[in-house]
Amino acid sequence: MKHAILGVGSIGGLIAVALSSVGEDVTPLLRPEKLASFPKQLSLEQPDRTITAGVHAAVSQLDEVFDVLWIATKTYQLQSTFASLKITPRMIVPLLNGIDHMAILRSHFDPKIVVAGAIAVEADRLSDSRFAQRNQVRLSVASAAEPVLATVLDKLHSQLGFICQFVANEQTLLWTKLSFLAPFALVTAASGKNKGEIFADAEWKAALFNVIGEASAVANADGAQVDHEKIEVILAGTVPTMRSSMAKDLVAGRQLELDAIGGPIVRGGEKHGIPVPTTKRLMEMIREKAAKKK
């Protein structure tokens, strides 16, 4: 199958190497000025090994048909990428943070080809050619993609150890990730602590569990089926050194996905009459920290 990757950061790079290493045809889509210098070989440092794979990058204006377009940009970059995107995808699987991007994509493309996806992993882009996977990858895709992607996800599981699943309820798929991601991202960014330090601090741990409760309550009111206790168990089982990409972006002074990650909980709380005070407080703390970086 022919796969295009839009956004070759930590997640896009990971997906590009993973797909190519299991025999898929992978094309990262780049801006014209990046094409000449982009490496033909990429590597992914997994916890127990390093894998390498070849790719053939192309400009995003390429007029070509692809079986799957994987979108791994930052949420705030999404709209700006549409103007230069000329390829024709048969299916689009966004791996973005949050909820709101689905409506944006379906307003721009044929809604029937946009299939929800979610990835949970701590990953880093070390250079244009090197990417790092810090823990096990959990990749979820809506069941509508199963006829096309079943073999691909099976290879990612059997050869690379990814935990892959198809999820029938799109809201459950998206909100399950957000109910895990948002609490962790907000607390690690606001506190400056990693997961182990948060669990050792009663106040920050309580804040983390409060946001999990707020997010899951909004999720379930929004038509999802999210079990906050399962989220807590999964989070407790992650490595102590884990930090969120938002926390890393905040330290580096980069633009944050704060609205994409925390916004759906706040807006959903207002819509359904569910108080989300801890989420609001942490978002304000992060805004204040970000303002001081400018």
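Throughout, read-outs are computed from the coordinates displayed, never taken from laboratory work. These numbers were taken from a predicted model, which means no experiment stands behind them. Every residue, glycine among them, receives a Cβ derived from its backbone with ideal geometry; neighbour counts consider all protein chains shown.
Diffusion coefficient (Stokes-Einstein, Kirkwood radius over C-alpha pairs, 4 °C, 1.567 mPa s) for the stretch 138-289: 80 µm²/s, rounded to a whole number.
Note on LYS195: aspartates and glutamates with a C-alpha under 18 Å away, same-chain residues under 8 apart excluded, are GLU122, ASP124, GLU203, GLU229, GLU232, ASP249. Coupling constants for the stretch 259-275 follow from the phi torsions by the Karplus curve (6.51 cos²θ - 1.76 cosθ + 1.60, θ = phi - 60°), and in residue order they are 5, 5, 8, x, x, x, 6, 5, 5, x, x, 5, 5, 9, x, 10, x Hz; glycine and proline get x.
For the stretch 199-294, what is the convex hull (Cα atoms) projected area averaged across all directions, in square nanometres? Please report the intermediate quantities before stating the final value.
Working: hull surface 26.5 nm².
Mean shadow area of the hull around the Cα atoms is 6.6 nm².
Do the alpha carbons of any pairs in LYS155/LYS271; LYS74/LYS205; LYS193/LYS230; LYS86/LYS248 sit beyond 29 Å of each other, and which pairs?
Values: LYS155/LYS271 41 Å; LYS74/LYS205 27 Å; LYS193/LYS230 23 Å; LYS86/LYS248 32 Å.
Beyond 29 Å: LYS155/LYS271; LYS86/LYS248.
Compute the Cα gyration tensor for the stretch 117-188, then decide on rounded, prolate or oblate, letting a ≥ b ≥ c be the square roots of its eigenvalues: rounded whenever a/c is under 1.5, prolate when a/b is larger than b/c in the other cases, and oblate in all that remain. Numbers along the way, then the final one.
Values: a/c = 2.38, a/b = 1.13, b/c = 2.11.
Oblate, since a/c reaches 1.5 and b/c is not below a/b.
Extending 7 Å from the Cα toward the beta-carbon at both LYS86 and ILE274 defines two label points whose distance is 4.5 nm.
What trypsin sites (Lys or Arg not before Pro) in the stretch 1-81 are in a loop by DSSP, with at most 13 other Cβ atoms within 10 Å of the Cβ?
Qualifying residues, ordered by number: LYS40, ARG49.
What the Cα convex hull of the stretch 24-136 gives, in volume per residue, is 117 Å³.
Quick one: length gained pulling VAL266 to ALA200 fully straight, 0.36 nm per residue minus the C-alpha distance? Numbers along the way, then the final one.
On the way: separation 66, 0.36 × 66 = 23.76 nm, distance 2.73 nm.
The VAL266-ALA200 span can extend by a further 21.0 nm.
Which of the lysines could a cross-linker span from LYS112 if the Cα-Cα distance has to be under 17 Å and same-chain partners fewer than 8 positions apart are dropped? LYS112 reaches no qualifying lysines.
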